[in-house]
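For reference, the structure is listed below as structure tokens.
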Amino acid sequence: MAKSKKNWFSYYTFFRRSRKNKRSSPTGKSETAKAAEEQLSLNTSDKTPATMPRLGHYSEKYELNGPQTSKSKDTYGSFNARDDDDDSEFIIQRDQLNEVDRSPSSEHGIIMAPTLADDKGTYFRDGKRKIDFVLVYEEPIGEVFNTQAAQKASKKAYKHEAWRKKFMSNLRKAGLDMEEEVVESEKKTIHFVKLSAPWTVLINYAEELCMRAPLQAHPNPSVNWSEQLLRTFRIPNAMYEDVPNKPLDYYTCAFKKSKLDKFLGVDNQDEYFTSTQRARIVYEILETAVYGKRRRAQIGIDRLVEEGVYNAAFPLHDGLYQKPPHYVVPESLNNRQILYEYWARWGKWHKYQPLDHIREYFGEKIGIYFAWLGFYTGWLLPAAIVGLIVFMYGVFTINFDPVSNEVCSPNVSYKMCPRCDEKYGCAYWYLSDICLYSKLTYLFDHPGTVFYAIFVSFWAVTFLEYWKRKSASLAHHWDCMDFEEEEERPRPEFAAKAPSVERNPITGVKEPFFPTPLRYKRMAAGIGALFLMLALIIIFIVAVIIYRVLVSIPLFQSKTFRGVASPIASSTGACVNLIFIMALGRVYETLALRLTQWEMHRTQTDFENNLTFKVFIFQFVNFYSSIFYIAFFKGRFVGYPGHYQHLLGLRNEDCNGSGCLSELAQQLAIIMVGKQIINNAQEILVPKLKAWWHKKKTKMEVRTTRWEEDYQLIENEGLFQEYLEMVLQFGFITIFVAAFPLAPLFALLNNWVEIRLDAQKFVCETRRTVAERAQNIGVWFTILQFVAHLAVISNAFLIAFTSEFLPKLVYMYEFNWNLEGYVNFTLALAPNGTLAQECRYQDFRDSEGNHTMFYWHLLAVRLGFVIIFEHLVLTVCRMIDIMVPDIPKTLEVKIKRERYLAKQALADSETIMKVAQRRDDEDDDDDAGALSPPPDDDD
């Protein structure tokens, strides 16, 4: 063994040197390479085929598609014809079987979908077999001067080479066809292994994966409610656009190989399975193929990519996304071009999304995301319109507000107590100094905001109920209504790090195992880390509070800026807070990912659910804690003259003279809009920077093939960040909508941009993902329901305790319906001897600093309002939930029809004959009974 390793290292060194002299040799071999071959031949008995790297041969490392000779068919798929005999026999049988299965059938049977002019780069060299998946691995070129580093690199290369050999051997045994292309860059050689699944493999795995098979075509039911509404009123629909090659819709049943002849289009084997279905089948084979020792769970392409054996594994895009410069018939465009031309371009921002095309190209999981995002954006339109109307109501009635008019009146002047301690030089001021701010506060604090808070509470619940209906319709339309995830395999990272192997009680197969008590201890540690990060958020909030107090002191001292001291301090504090929020969010997302990986969750579903829980809890506190502080705590613990409360030697900050609601609106606007701008900028710039860095690393000068171009694209990072961004936005427009009615409008504008950015990212900038099935948006729907119910409680407290709505209402009822004298009523006199001068401050207290009876009366009204508002809104929401069925009536009919057809298609012919004979007998008996005379009355 030592001798073998030594020979391997010597050969490895010569082999690297030979790369530099390759092109100088007319025979393709340098003198160094020949010397290496001579040295290698001295001890060939110690070498296995897996230890022999390629030398002077750059077409294929393994002869996956050998020369076109009489033996090419027999040796197809073999590794330099050195594989074991049983493998060779299997390949011969496999290809002999394919000789029958691959008979051309495009002229027979039912064409299930329009046949597009596919990019020839998505086929094998023979132009017949379609490339379903591509594996990529790289080998460095260049001399290794450090001996120790060279030995380490050679051992790693040896191990990777052995794993690749065994892995691809098992892929061949599974029936996959393979072909390899090699591309040289400046410092490395890049190998592209193309995979294709023949017909027999496809039908075997289609049954195993419970895919759906078409039974009978029926009209496509995808119709928008807005489309129906506009058609009813005969209004031209600018949002509609006829997208070519719309996928057909079928009644379907579970795929059964034994019932193959009963399915539509089965004669057209080349077009029967879509590219997403083919890629999913090949990915299933890749995930179950063994490359090392099974007891160590050395299984699957994901772990190979994680180990660095392969650099990437992905299905190909359907060609270029740009349309040809010359005119082409729209029906001849490939699926990727259709998605770009009719969906991803900025000019299509006002058009309906082609959801069926998205689902056909990317799979149900991504299709459901874009369906939800489009549905949510459409429902934002009425909320945005009503919010804009409420805001404009405030604009048009601002001059008729008696409270702000009294504040701005030149005939009345109220000397107010200093905003900070007199020892800091803060001067007394007059209430009229904040006249403009009082007017602006009225825009967000008037009776219309109460109506809007109730409206948005109903809107949120109704939106979720109708999304359940839409989700059920899409799940049925896309054949995933009864989808249940099969028993999930262990995650590759879990399998690699699990300390032991035990038998799975469900499958009976031995697999990696991690002790459950130890996992719970790690999860407890993760929760502890979460609470530490939440404490860090509180510290940053306190820091922002101190910043606002320190900034406001010199502003209050200045006569010029005294009137705008609060807006300046609040807006700059919100900007600082936004920076902290974005920075902490990035830090914790990385920490949460590491913690969740450390917790060793067995399946990907468990991993994603735990990660979602951690990140959402943190981001919820991160984004909303400062807003909750302003809404419910700021100004509540200030005290009164002579008895002010202090924090770190500074007086606790108070709301401005017109209340905290205007500052809350300001904080919401800065954080929400600022977050949207930053996220959109990141979505535009980050993919381009990643793509530039990836191209710089690979250094592929010329990209002429589909697989080379797709390898230059960046890896798709999934939908987690997209859902998190939208759920946080949903919280902004529901939880605090009473303070900022324009929030749905900004969300609507953002989502129009978001859809195009996400579409361009998936179509143009990232590699194509393996299609995943999903029947809904998963755990995110539960989070949305939690946010919607929290919004009812939050808005009730906002109206009751933060808004001036109830104090004005009680004053109108008890004292003056026109609110005359309301401002003076809300201002208390500072107790004698507490300050140098007599002044006023905003609170319901008497001359000694005790709360008045009006304060306690108002407190009872506020608590009563919260209880009534909450119960009334939640009761109506519950009624909406009951009245709106989760599954539409029309869908129930289609489901019953589909089940009937499935039973008919999958029933044995003998059973069908018996049923038919029984029906005939029953009909004969009925006819005989109808023709026989009635019995006599005497009988």
Place a point 7 Å from the Cα of Ile678 in the direction of its beta carbon; the residues of region 528-553 whose amide N falls under 15 Å from it are 537, 540-541, 544
Relative packing of peptides 435-446, 683-694, 281-292 - highest average C-beta neighbours within 10 Å first:
435-446, 281-292, 683-694
Are there any chymotrypsin sites (Phe, Trp or Tyr not before Pro) in region 328-415 that are in a DSSP loop and have at most 15 other Cβ atoms within 10 Å? List them by number.
Trp349
Which entries of Lys130/Lys194; Lys130/Lys262; Lys156/Lys188; Lys348/Lys675 show an alpha-carbon separation above 19 angstrom in the structure shown?
Lys130/Lys262; Lys348/Lys675
Starting from the Cα of Ile527, move 7 Å in the Cα-to-Cβ direction to define the label point; list residues of region 766-807 whose amide nitrogen is under 12 Å from there.
none
Based on the mean of other beta carbon atoms within 10 Å per residue, what is the order of 851-858, 455-462, most packed first?
455-462, 851-858
Excluding ligands and nucleic acids, what accessible area in Å² is computed for Leu555 using a 1.4 Å probe, to the nearest 10?
30
Subtracting the Cα-Cα distance of His851 and Ser185 from 0.36 nm times their residue separation yields 231.7 nm
The correct ranking of Thr704, Thr734 by accessible area at 1.4 Å, largest first, is Thr704, Thr734
Simple spin-label model, 7 Å along Cα-to-Cβ: Glu287 to Ile793 in nm?
3.8
State to the nearest 20 debye the size of the charge dipole of region 344-413 about its Cα centre, where the only charges are +1 on K and R beta carbons and -1 on D and E beta carbons.
400
Compute the length gained on full extension between Lys688 and Trp225: take 0.36 nm times their separation in residues and subtract their Cα-Cα distance, giving the result in nm to one decimal.
163.0 nm
Under a 1.4 Å probe, what is the accessible area of region 165-232 per residue, stated in Å²?
38
For region 359-449, what % of the accessible area comes from carbon and sulfur atoms, probe 1.4 Å?
67
Counting only protein heavy atoms, what percent of the accessible surface of region 515-613 is carbon or sulfur at a 1.4 Å probe?
74
By average C-beta atoms within 10 angstrom, highest first, the peptides 197-208, 636-647
197-208, 636-647
Please work out the average accessible area per residue across region 350-394, using the 1.4 Å probe convention, and give it in Å².
28
Given labels modelled 7 Å from the Cα in the Cβ direction, how far is it in nm from Ala836 to Lys262?
9.6
Distance violations [Cα-Cα > 22 Å] among Lys173/Lys257; Lys159/Lys696; Lys497/Lys521; Lys293/Lys510:
Lys159/Lys696
Just to confirm the filter: which chymotrypsin sites (Phe, Trp or Tyr not before Pro) across region 506-569 are DSSP coil and have at most 16 other Cβ within 10 angstrom of their Cβ?
Phe561
Signed unit charges on C-beta, dipole axis of region 353-505, positive-most listed residue Pro490, His476, Met392:
Met392
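May I ask you to give the solvent-accessible area per residue for region 499-583, in square angstrom, as obtained with a 1.4 angstrom probe?
Heavy-atom SASA per residue in region 499-583 reads 53 Å².
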Amide H neighbours of Met416 at under 5 Å, excluding residues fewer than 5 places away on the same chain, with H built from the backbone geometry, are Trp429, Tyr430, Leu431, Arg840
Between Tyr900 and Leu859, Cβ-based FRET efficiency (R0 45 Å, step 0.05) works out to 0.10
Label zone at Phe451, where the point sits 7 Å out along the Cα-to-Cβ direction: region 740-772 residues whose backbone N lies under 16 Å
741-742
If I compute solvent accessible area with a 1.4 Å probe over the protein chains, what percent of it on region 186-334 is carbon and sulfur?
52
Assuming 0.36 nm per residue, please report the length gained on full extension of the stretch Thr397 to Ala157 beyond their Cα-Cα distance.
78.8 nm
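The values are calculated or read from the model by the stated rules, or taken from the named source; none is laboratory data. Just so it is clear, the model here is predicted, and its values are computed rather than measured. Heads up, the Cβs are rebuilt from the backbone with ideal geometry, glycines too, and the neighbour counts pull from every protein chain shown. With ligands, DNA and RNA removed, areas are computed over all heavy atoms of the protein, side chains included. Shrake-Rupley method; radii C 1.70, N 1.55, O 1.52, S 1.80 Å.
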